[in-house]
Amino acid sequence: MEPTRETTSGYRQYEHDQYGSADIHPINRLCCKIRYISTFGWCKCSPIAVLNVRRFQIVLISLMLSAVAMFSNLRIIALMVEKVYSDEGFDWDRSQQVLAHTIFFYGNIFSNFFGHLVTKYMDNKAILCACLLFTCLINLITPFLIRRWNLLALLVTRFIIGILIGFLTELLHIVITRWSTRVEKMRMFCLALSGMNLGHALMLIIVTNFYDKRNPWGDDFYFMAAYGTVITFIWMIFGAKDPSLCPYLSVKERQYINENPVTTDVLEINFFNVPWKMILTNIPFYAMVAAELCYRMVFWITVAHMPLFFAEVYDYPFWKAGLMSALPHLLVWVSCYPVSQMIGLFIRARIVHPTACRKWCDLLALCVGSVSFYAMCGSTSLLGSVTSYTAAVTLEMYHLMGAGINHIDLSPRYCCLLFCIAKAFSNLMAILAAYLVMWLVPHMHIQQNWDSVFYVTGSVSMVGGLIYVAFGNAEIQDFNFHPP
């Protein structure tokens, strides 16, 4: 006899409503109890509960992306090259150090352009985990390879990692779209992508501390490998690439996700039957790409070069400069989800139109953020520079709620393809940012040289924000309805 409201307690009834009479997975039973207790028994529908399986899966993806961010933050490794590798007798000039930084992005561009062709054959949890574990293995052996083959070993290993990370990013993006719903897409993507900030913050803290404590120079590689391995095994145990394959997803929540999908199965799209002419003549698409390009340049300037600016110009201890540079990224990681939740409420209440929301968010991220870079020009105060830097990084968060998820607005069907295109071209801006600093800052300790970098970065940020405000759109475009 099935339990009824008259024959069961409130919790038993709630549990039965969620999972029926089938055996309940222990993890889901624990989550169910926490949901019920945390809402004093008022929680009657898991799809709207704060603690549910899809958010748990997005948090796992966020941790995976934090590991990806560690592998991609090669400027930190370039700092180690500049500061520590000289102790090993390596004589690498500045152009070689910049090449060691940027070679990752060349590999990333390759996999971004061609990743959409092969992701349908890599759409497997085991393959995804194997890619990340192989990346960890390469990081583990990199110090030994560098001692044997010098700069060539670093260039080869980083190019391979760039290719692997490009595929991983594409696969994780597909997993996010499957676990998100139309109503929650902004919150879910912000929660997942903010993991990149967590990864960069951890890398800044760990590597700079390794340097100042005179640890062996390979320890940063070992830390990345260990962190990535732990996160991968956690996802192997608890993660699922698709709601249909999750063993502890409740019937109600699975139904809720299936009834409100962000997109159709993007892997059914044939790359050669995509309406390229309609996409490449679409103005909102170019506005989104322009905003993404400018954002990436600003992002990599703040992530990769600001610790060196604080250490060289203000003669600040290197580990303190790393910690100070990491704190704004930790702030973004903590505050991104609640801020996106609040903005999502405004959209659902029809207080603001989605297009206006996207434009206002990028206006804050890029146009208002550019003022922070202008404020750093000529600043002689450490406090003033730190304040401006913190404002710039914090405002970057709003890009994730603006043009950063605009590809889903423009075309739910082709969103992953648009993401690949924007990501591939944005890597060019990461390369440009590294060479820009090399060209404009011949002497690291001179403030005036850095002022030129800040002027250029602020101007690029302003232009990108204005382009998106003028031509951006959050409406579904015509090419979305072209059959694949």
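The values are calculated or read from the model by the stated rules, or taken from the named source; none is laboratory data. Remember, predicted model here, so these are calculated numbers, not experimental data. Neighbour counts are summed over all protein chains in view; Cβ atoms, including those assigned to glycine, are modelled from backbone coordinates with ideal geometry.
Here is a check on your reading of the model: is Thr394 polar (S, T, N, Q), touching a Pro at 6+ places or on another chain (Cβ under 8 Å), surrounded by fewer than 24 Cβ atoms within 10 Å (Cβ to Cβ) and assigned to a helix (DSSP H, G or I)?
Against the criterion (polar (S, T, N, Q), touching a Pro at 6+ places or on another chain (Cβ under 8 Å), surrounded by fewer than 24 Cβ atoms within 10 Å (Cβ to Cβ) and assigned to a helix (DSSP H, G or I)), Thr394 qualifies.
Among the small types (Gly, Ala, Ser), over 25 Å from Ile109 (Cβ atoms) and in a helix (DSSP H, G or I) - does that describe any residue in the stretch 436-452?
Yes, some residue in the stretch 436-452 is among the small types (Gly, Ala, Ser), over 25 Å from Ile109 (Cβ atoms) and in a helix (DSSP H, G or I).
Answer with yes or no whether Cys131 is assigned to a helix (DSSP H, G or I), closer than 28 Å to Val332 by Cβ and at pLDDT below 90.
So Cys131 fits the description; yes.
Name the single residue, out of those in the stretch 148-202 being more than 21 Å from Arg413 (Cβ to Cβ) and of a type in the set (Phe, Trp, Tyr), that is modelled with the highest pLDDT.
Among them, the one singled out is Phe159.
Scan (1) of a type outside the set (S, T, N, Q); (2) over 16 Å from the mean Cα position of the chain (by Cα); (3) modelled with pLDDT of 90 or more for the single condition Pro483 breaks and write down its number.
Going through the list (1) of a type outside the set (S, T, N, Q); (2) over 16 Å from the mean Cα position of the chain (by Cα); (3) modelled with pLDDT of 90 or more, Pro483 breaks only (3).
With the requirement that a residue be within 19 Å of the chain's Cα centre (by Cα) and either at pLDDT below 70 or among the hydrophobic types (A, V, I, L, M, F, W, C) (or both), what does the stretch 101-118 give you?
The answer is Phe104, Phe105, Ile109, Phe110, Phe113, Gly115, His116.
Kindly list, by first and then second residue, each pair from a residue in the stretch 439-459 that is without any contact (Cβ under 8 Å) to a residue 60 or more places away in the chain and assigned by TED's automatic domain parsing to the domain that holds Met429 to a residue that is β-branched (Val, Ile, Thr) and not in a helix (DSSP H, G or I), limited to pairs with Cβ atoms under 8 Å and residues at least 6 apart or on different chains.
Cβ pairs passing all conditions: Asn449/Val441; Ser452/Val441.
Picking from Thr157, Thr181, which residue would you name as being in the same structural domain as Gly344 (by TED's automatic domain parsing) and touching a residue at least 40 places away in the same chain (Cβ under 8 Å)?
After ruling out the rest, the residue left standing is Thr181.
Given the structure, is Val274 within 20 Å of the chain's Cα centre (by Cα), of a type in the set (Val, Ile, Thr) and either in the same structural domain as Ile467 (by TED's automatic domain parsing) or modelled with pLDDT under 90 (or both)? Step through it out loud before you land on a result.
Values: within 20 Å of the chain's Cα centre (by Cα): no; of a type in the set (Val, Ile, Thr): yes; either in the same structural domain as Ile467 (by TED's automatic domain parsing) or modelled with pLDDT under 90 (or both): yes.
No.
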